[in-house]
């Protein structure tokens, strides 16, 4: 069995439960869902879905960097929305962060998300060499 390496960075919100920000195994990075929480203050940002999506992806970027990866090495994301009617707003910000890179993605509406935010994003990426 391969070694599982826990990833932690102070540049992203600390885990709010019994889990890691990410796990690295066999060259893969499995990132836990990031919500729009400010790492410095620990406060959830309020506002529109665009601002929330932006902070989720900034947090994921920091976790990926701590794991030796980046958004450009992401192979799959899952986006959880509190309201699928905000998909277009989320998608516009998501596209800016990923540029021409187009990882596989699922987007689902959830009845409730942690801390009752409107967006949560998780991903799987390759470690960059």
Q: Under 6 Å between Cβ atoms, at least 6 apart or on separate chains: pull out the pairs that start in the stretch 26-51 with a residue that is without any contact (Cβ under 8 Å) to a residue 24 or more places away in the chain and end on any residue that is part of a loop (DSSP other than H, G, I, E, B).
A: 45/36
Q. In a strand (DSSP E or B), more than 25 Å from residue 4 (Cα to Cα), touching a residue at least 12 places away in the same chain (Cβ under 8 Å) and over 14 Å from the mean Cα position of the chain (by Cα), is that true of residue 108?
A. yes
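Report whether or not residue 18 is under 23 Å from residue 111 (Cβ atoms), in contact (Cβ under 8 Å) with a residue 24 or more places away in the chain and assigned to a loop (DSSP other than H, G, I, E, B). Before you say what the answer is, go through the steps one by one.
Working: under 23 Å from residue 111 (Cβ atoms): yes; in contact (Cβ under 8 Å) with a residue 24 or more places away in the chain: no; assigned to a loop (DSSP other than H, G, I, E, B): yes.
Taking the combined requirement at face value, the residue does not satisfy it.
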Q. Restricting the stretch 107-129 to residues that are exposed (fewer than 10 other Cβ atoms within 10 Å of the Cβ) and farther than 19 Å from residue 55 by Cα, which is modelled with the lowest pLDDT?
A. 129
Q | Which numbered condition residue 87 fails, given (1) loosely packed, with under 15 Cβ neighbours inside 10 Å; (2) free of Cβ contacts under 8 Å to residues at least 40 places away in the same chain; (3) in contact with a strand residue (DSSP E or B) (Cβ under 7 Å, 6 or more places away or on another chain); (4) part of a helix (DSSP H, G or I) | A | (1)
(Q) Can you confirm whether residue 68 is under 16 Å from residue 125 (Cβ atoms), assigned to a loop (DSSP other than H, G, I, E, B) and at pLDDT 95 or above? (A) yes
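The values are calculated or read from the model by the stated rules, or taken from the named source; none is laboratory data. Note that this is a predicted model, so its numbers are computed, not measured. Reconstructed Cβ throughout: ideal geometry from the backbone, glycine too, with neighbour counts over all protein chains shown.
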